[in-house]
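Take a look at the structure below.
Every number here is computed from the coordinates shown, using simple stated rules; none is lab data. These numbers come from a predicted model, not from an experiment. Cβ placement follows ideal geometry from the backbone for every residue including glycine, while neighbour counts extend to all protein chains displayed.
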Amino acid sequence: MLRRLGWTIGRGVRIGPCLALRVDAVQVGDGADVGPFNVLRNLTQFDIGPGARIGQWNYLTASRHMTVAGGPGSFMLGSEASLTSRHYVDCTGGVQIGAYTTVAGERSTFITHGISWVTSDQTYAGIVIGEFCLVSSNVQVAPGAIVGDRIVIGMGATVAGELSEPGLYLQPRAELVRRDLKGQYFERRQGSVESVRPRS
């Protein structure tokens, strides 16, 4: 039935009962496994490689008005990679997870869009996780984050910017790094921020 709806599905694939709303293009590689009760919403592309696994109760979504404005809205899970259970993945700016990487445990959050206080626009930036990585439970991944290959991210860590050197990264703490912020966000007279642009 899914193939008749235009999904490209390989051999030996198992897909449990999921809710898919406004998903434009789907490609599922041979031997992939998508568990039950996942939500796929407003995605322009959902692509999981051969042998990849998605557990259950994950929420993969994108902002429709931001994808219409040019946001990628895509989710790509590499060959033999895994997204376990109960994770939230905002795919507005695009999320790419490399081969043999595991997003383990539960309740990790990937966010690819936000509001710029400088321009008072909604912005988006993709997330890229390399190959053979291990992302532990309750990890928060910020817009534009890039994680290289063979990196282990400890439970509860916040990932922002680029992690390029292979190794173990443990939970950081928030620190005040800048005072006296200036930008259009602080001068706006409308509560909702509507305009969209790629994050620079």
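The table below lists the values:
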| quantity | calculated |
| --- | --- |
| Placed amide H near T158: partners under 5 Å, 5+ positions off or other chain | Q140 |
| Per-residue HN-Hα couplings for region 79-89 [Karplus 6.51, -1.76, 1.60; θ = phi - 60°; Hz; x = Gly/Pro] | 4, 6, 8, 9, 10, 6, 9, 6, 9, 10, 10 |
| Built amide H within the under 5 Å cut-off of I129, gap 5+ | Q96, I97, G98, V147 |
| Lys, Arg +1 and Asp, Glu -1 on Cβ, resulting dipole of the chain about Cα centre, debye, nearest 20 | 540 |
| DSSP bridge pairs, the chain: antiparallel proportion in percent, nearest 5 | 5 |
| MRE, 222 nm, helices only [DSSP H, n ≥ 4, -39500 (n - 2.57), over the chain, to nearest 500] | -500 deg cm²/dmol |
| Theoretical FRET efficiency, 1/(1+(r/R0)^6), r = Cβ-Cβ of R179 and R11, R0 45 Å, to 0.05 | 0.20 |
| Charge tally in the Cβ shell below 15 Å around G105, where Lys, Arg are +1 and Asp, Glu are -1, G105 excluded | +2 |
| Along the chain, longest interval not containing exposed GluC sites (Glu not before Pro), exposed being DSSP loop plus at most 10 other Cβ atoms within 10 Å | 1-174 |
| Under-5 Å amide H pairs with V152, H placed in peptide plane, nonlocal only | L134, G167, L168, Y169 |
| Label corresponding to percent of Cα pairs over 22 Å apart when calculated from the structure given, among [x] 58; [y] 45; [z] 49 | [z] |
| Farthest toward positive dipole pole in region 34-172 [+1 Lys/Arg, -1 Asp/Glu at C-beta], among S85, M66, P143 | S85 |
| Likely footprinting exposure, Y100, Y59, fewest C-beta neighbours within 10 Å first | Y59, Y100 |
| Residue of R188, R173, R64 that the Gaussian network model of the chain assigns the largest fluctuation, springs spanning Cα pairs under 10 Å | R173 |
